[in-house]
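Undergrad: Below is a structure I'd like to ask you about.
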Amino acid sequence: MNPANRYALTFPGTPGTHAPQDVVVVIRTSVMGPGGHPVYEDESGIVRAEISDAGEVRMLASGGHQSPHVPVHAQPLP
């Protein structure tokens with residue numbers, strides 16, 4: 001199965017508020033993650049994730065002192 005070239009990652013809003021969920025589009029890079037799956041990143045390069053063919057997401061820190069949140073949903077995009 002070929003992995004998608006783009007995903008929409010949906011993150012929960014701020015706990016205890018009525019803030020909307022955040023959606024970030026990530027694009028496949030040529031890099032493979034620690035689990036052997038493709039790494040995807042947003043245009044800024046700040047949001048980075050390894051996404052398996054089964055849609056499992058592992059967030060990757062793009063800089064020091066990051067504590068990336070895990071998205072609640074990863075939707076492949078055409």
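Undergrad: Quick one: compute the contact order of the chain, relative version, from alpha carbon pairs under 8 angstrom and 6+ residues apart, as a percent. Could the numbers behind the result be given before it?
TA: Values: 156 pairs, mean separation 25.3, N = 78.
Contact order relative to length: 32 percent.
Undergrad: Quick check on the chain: of the DSSP beta bridges with both residues there, what percent are antiparallel, nearest 5%?
TA: Numbers: 21 of 21 bridges.
If we restrict to bridges inside the chain, about 100 percent are antiparallel.
Undergrad: Can you work out the FRET efficiency for the pair residue 6 and residue 65, with r the C-beta to C-beta distance and R0 = 25 Å, to the nearest 0.05?
TA: On the way: r = 28 Å, r/R0 = 1.11.
Approximately 0.35, to the nearest 0.05.
Undergrad: What is the fewest-to-most order of 47, 39 by other Cβ atoms lying within 10 Å of their Cβ? Could you put the intermediate results ahead of the total?
TA: Details: 47 22, 39 19.
Fewest-to-most ranking of 47, 39: 39, 47.
Undergrad: Given C-alpha coordinates of the stretch 6-77, what is the ratio Rg to Rh with the Kirkwood estimate of Rh?
TA: Numbers: Rg = 12.1 Å, Rh = 12.5 Å.
With Rg and the Kirkwood Rh in hand, the quotient comes to 0.97.
Undergrad: Measuring from a point 7 Å past the Cα of residue 75 along Cα-to-C-beta, which residues in the stretch 4-22 have an amide N at less than 20 Å?
TA: Only 4-14, 19-22 fall inside the zone, counting backbone N under 20 Å.
Undergrad: Oh, and also: In debye, nearest 20, what is the charge dipole magnitude of the chain about its Cα centre with +1 on Lys and Arg Cβ and -1 on Asp and Glu Cβ, if you could check?
TA: Numbers: 4 positive and 7 negative charges, 7 e Å.
Rounded to the nearest 20 debye, it is 40 debye.
Readers should treat all values here as calculations from the given coordinates under stated rules, not as data from a laboratory. Predicted model only: the values in this text are computed from it and were never measured. Backbone-built Cβ (ideal geometry, glycine too); neighbour counts: all protein chains shown.
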